[in-house]
1. Quick check on the range 13-22. Is at least one of its residues within 13 Å of the chain's Cα centre (by Cα), at pLDDT 70 or above and more than 16 Å from the ligand (Cβ to nearest atom)?
2. Inside the range 23-39, can you point out the residues that are in a loop (DSSP other than H, G, I, E, B), hydrophobic (A, V, I, L, M, F, W, C), more than 11 Å from the ligand (Cβ to nearest atom) and under 18 Å from THR68 (Cβ atoms)?
3. Any chance you could count how many residues in the range 40-56 are more than 8 Å from the ligand (Cβ to nearest atom), out of contact with any Phe, Trp or Tyr (no Cβ under 9 Å at 6 or more places or on another chain) and over 13 Å from THR68 (Cα atoms)?
4. Take the range 24-54 and flag every residue that is modelled with pLDDT under 95 and polar (S, T, N, Q).
5. Going by what's in this entry, would ALA66 be described as within 16 Å of the ligand (Cβ to nearest atom), at pLDDT below 90 and either among the aromatic types (Phe, Trp, Tyr) or not in a loop (DSSP other than H, G, I, E, B) (or both)?
Amino acid sequence: MTAAPQPSPPKTTLYCSSCGHESPAEGDWIVHERFDTASVDCPDCGTEITRRRRFDRPPIVASTTAATEAWTASWTHSCTGLTRLWRSLLV
Ligand SMILES: [Zn+2]
């Protein structure tokens, strides 16, 4: 057997800058999906944590890695196939 170990990606935690609420990216955040955008809002105070255009590929920029990870995780609930596509594009 020569299977290499597959390190699992670290859990991404999102924080609300307004009230300090914290939860995993796949946690209790409120996701608002619209025609061409989707936002993630704080369940406690309603502050928008992040927003993405739904049909764009995530930008491959180091500074957005955390947000991209969070967004990818948030999509896992509703669109696992798209998540796989994104991950394949990011690698
Ligand atoms: Zn909040």
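1. Filtering the range 13-22 for residues within 13 Å of the chain's Cα centre (by Cα) gives 13-15.
Of the ones still in play, those that are also at pLDDT 70 or above are 13-15.
Those left that are additionally more than 16 Å from the ligand (Cβ to nearest atom): none.
No: the range 13-22 contains no residue that is within 13 Å of the chain's Cα centre (by Cα), at pLDDT 70 or above and more than 16 Å from the ligand (Cβ to nearest atom).
2. First, the residues of the range 23-39 that are in a loop (DSSP other than H, G, I, E, B): 25-29, 34-36.
Retained after the next criterion (residues that are hydrophobic (A, V, I, L, M, F, W, C)): 25, 29, 35.
If we keep only those that are more than 11 Å from the ligand (Cβ to nearest atom) too, we end up with 25, 35.
Once the filter is applied, which keeps residues that are in a loop (DSSP other than H, G, I, E, B), hydrophobic (A, V, I, L, M, F, W, C), more than 11 Å from the ligand (Cβ to nearest atom) and under 18 Å from THR68 (Cβ atoms), the range 23-39 yields only ALA25.
3. Here the count works out to 2.
4. THR37, SER39, THR50
5. On the way: within 16 Å of the ligand (Cβ to nearest atom): no; at pLDDT below 90: yes; either among the aromatic types (Phe, Trp, Tyr) or not in a loop (DSSP other than H, G, I, E, B) (or both): yes.
The answer is no for ALA66.
The values are calculated or read from the model by the stated rules, or taken from the named source; none is laboratory data. Because the structure is predicted, anything quoted here is derived from the model rather than measured. Don't worry about glycine lacking a Cβ; one is built from the backbone with ideal geometry, like all the others, and counts go over all protein chains shown.
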